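Following: one structure in structure tokens, then a few remarks.
The values are calculated or read from the model by the stated rules, or taken from the named source; none is laboratory data. Predicted model only: the values in this text are computed from it and were never measured. Counting neighbours? That spans all protein chains shown, and the Cβs are built from the backbone with ideal geometry, glycine included.
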């Protein structure tokens, strides 16, 4: 064998494409679906199939699984996949919403409708209850409850003795999530130890836990933001209306547009403006920023996401701005 | 699931688009040879990074008093990684050029994190090997290449890095070409390209460099864009034969009676009416229907999650395997396997553990240690134990018979992991059969 030879399949394509290329251009080839070479299934088919495989595997190996549902687009996709995995049967585990109390009303209505449509059982764990029970300090009526969710989540996992929790996290969201296994082990304190993750080879997802420990399972690990939107389009998955362009009063704070609500009102020199916006992610209403956007349909959003120069969480999440390793720090404590 | 109130168009032309494919690759090589810096450089130069991500790594570099932007921070996202300037665990990144999508697994180089490198390489089509040209091929680099080759990665793009520190001396490059050529040949790797680069400065990464006029081969990006893709093969098992396999994950009870058996198709395809055998029981039946949540299918392709109805009532549970009649796997409870051992405690004959193969977990005992693999000599040596990060051949006996293929013909039905019963940690990656070497 001649080691200096180029690869067998080298062709003129690699020469013509030598110039730097910009992923962010909304040209057709970037938004096109991928069909892996020589395979009858498309990219979305394979992502869906692997996610269903993971969901079935975890459901089979754990005693008491639960699906974490926030009402955001990723958890909507996750719930849809869980339903597909067990048709014609029902989803064989309950759905848990950790409710910060700082909700967009559209999202709560959406949550109830979706869970009912799937015939699943909804459990709501409220941060307010954790505050009332003295499990966490009350940060005040308008402060973020993002970090408090961890206590509420871990208490709910203990109370219901869940040994596996499905989440909609994706590896392209954040640099700490990029490091996490599909099946991610949590010790009896709910902690993630990024230095001691289990080897996870091939599709052999090893889900053993001992009493008091649990797993987080992330079937959407390999989906990107664009994949999620293409999948939502293909499967026609309904989403809360706030994902699409609408008019609402906002204030600009720390470079983010926050919706004016009972928890957020203009401070100091801030002024309320009526803007056409949409949400790229859905979280605690005091921390989740809207983006200026005219994208009113899935098609518009796919074009917008393809062209964006700002990452999904970078544009919209105040909770990631606390420190350089904000997500890792929260995950170590047991966050989603 | 409720649908969008107004049905959007079905995606028009995009659904049939056949113009993009998917390459999964892993970076491998020793610590400090520049793997993460290369990935950072590749993503930065192809404009795959979002503006806020570039700002964040610039700030992080400045806060550590580094003179310039540390491109390794693109994938080294953990606090401890940035503190020490090393990679601890695999980072997965997603990128796209106009022709191809990429899933990148940026793996750690440290010996103690070999298990994480194996994790990243186990689903790769190609390994991007980093070699420090000032130091040559280290033992750890050879170990990584051996593990990748055993895992079935048969394309290597070798970056002779830090060539700027060698004044682009062609003889240093040629030395790596010669050594890699012989290594790749012995391991049966089908393609190996060696590229002289500077990851730090970006020479021959995306842009062709004039620093090495004697080199007229591809840049790193050229090599990645022209490599053979096998996204489905690496992820869902490369089958040389045509036989289909369906490891049963879950039994779905049908309304009105009857059962279907859920799982992901490997090999195949399966078609309605195909005669099949259920293993390890050895009972024969035929495929009555292939179901998905979107409706029945006449045939099920490799990589698809389905459920299958059979013509006869047979007792089938999770862990059993439905196989086509042509080339069925071997049913055995006593077999030889190649293992990468990841635990501090050595593996010795008599050790008892759990083994997970496809969807079955069963007790296993190590009957004997047949030898360890010497990554420098590329030969098997007699041994009585496998130390942490050793590659070796062992004979195993399982409590339940397995429907096993050789790893060389099937990555899914030929692979397994070993689980420590006390700590429930995954302690080894296993591949049925012995490695094939071409001396």
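Remarks
- Filtering segment B:31-59 to residues that are buried (at least 24 other Cβ atoms within 10 Å of the Cβ), at pLDDT 80 or above and not in a helix (DSSP H, G or I) leaves only B:34.
- Taking segment B:335-390 and the strands (runs of 3 or more DSSP E) fully enclosed by it, the elements with 2 or more residues that are at pLDDT 95 or above and surrounded by 20 or more Cβ atoms within 10 Å (Cβ to Cβ) are at B:352-357, B:360-374.
- Selection status of residue B:160, outside any loop (DSSP other than H, G, I, E, B) and touching a residue at least 24 places away in the same chain (Cβ under 8 Å): yes
- Residues of segment A:85-98 satisfying the condition of being surrounded by fewer than 20 Cβ atoms within 10 Å (Cβ to Cβ) and farther than 16 Å from residue A:165 by Cβ: A:87, A:88, A:89, A:90
- All of (1) under 24 Å from residue A:50 (Cβ atoms); (2) within 12 Å of chain B (Cβ to nearest Cβ); (3) in contact (Cβ under 8 Å) with a residue 40 or more places away in the chain hold for residue A:236 with one exception: (3).
- Put simply, of A:116, A:106 the only residue that is part of a helix (DSSP H, G or I), at pLDDT below 90, surrounded by fewer than 20 Cβ atoms within 10 Å (Cβ to Cβ) and at negative phi is A:106.
- When residues of segment A:194-206 are limited to those that are closer than 28 Å to residue A:326 by Cβ and facing chain B (nearest Cβ under 7 Å), the one surrounded by the fewest Cβ atoms within 10 Å (Cβ to Cβ): A:195
- Scanning segment A:22-54 for residues that are modelled with pLDDT of 95 or more and in contact with a strand residue (DSSP E or B) (Cβ under 7 Å, 6 or more places away or on another chain), we see that the one that is nearest to residue A:236 (Cα to Cα) is A:52.
- Selection within segment A:207-222 - more than 9 Å from chain B (Cβ to nearest Cβ), under 19 Å from the mean Cα position of the chain (by Cα) and in a loop (DSSP other than H, G, I, E, B): A:218, A:219, A:220
- In segment A:112-125, the residues that are within 11 Å of another protein chain (Cβ to nearest Cβ) and free of Cβ contacts under 8 Å to residues at least 24 places away in the same chain reach residues that are surrounded by 15 or more Cβ atoms within 10 Å (Cβ to Cβ) and assigned to a helix (DSSP H, G or I) with C-beta atoms within less than 9 angstrom, at least six apart or across chains, in these pairs: A:117/A:83.
- Out of B:93, B:138, one residue alone is touching a strand residue (DSSP E or B) at 6+ places or on another chain (Cβ under 6 Å), in the same structural domain as residue B:29 (by TED's automatic domain parsing), at pLDDT 85 or above and surrounded by fewer than 23 Cβ atoms within 10 Å (Cβ to Cβ). It is B:93.
- Residue list for segment A:138-171, restricted to those being in contact with a helix residue (DSSP H, G or I) (Cβ under 8 Å, 6 or more places away or on another chain), closer than 23 Å to residue A:285 by Cα and in a loop (DSSP other than H, G, I, E, B): A:138, A:144, A:145, A:146, A:147, A:148, A:167, A:168, A:169, A:170
- Filter result for the condition that a residue is within 13 Å of chain A (Cβ to nearest Cβ), in contact with a strand residue (DSSP E or B) (Cβ under 9 Å, 6 or more places away or on another chain) and either at pLDDT below 85 or surrounded by fewer than 21 Cβ atoms within 10 Å (Cβ to Cβ) (or both), over B:268, B:243, B:257: B:268
- Residue in segment A:58-77 that is touching a helix residue (DSSP H, G or I) at 6+ places or on another chain (Cβ under 6 Å), over 24 Å from residue A:306 (Cβ atoms), at the interface with chain B (Cβ under 8 Å from one of its Cβ atoms) and part of a helix (DSSP H, G or I) present: no
- Residue B:105 being farther than 18 Å from residue B:338 by Cα, modelled with pLDDT under 90 and either within 13 Å of the chain's Cα centre (by Cα) or not in a loop (DSSP other than H, G, I, E, B) (or both): no
- Condition check for residue B:184: facing chain A (nearest Cβ under 7 Å), touching a residue at least 60 places away in the same chain (Cβ under 8 Å), buried (at least 22 other Cβ atoms within 10 Å of the Cβ) and within 19 Å of the chain's Cα centre (by Cα): no
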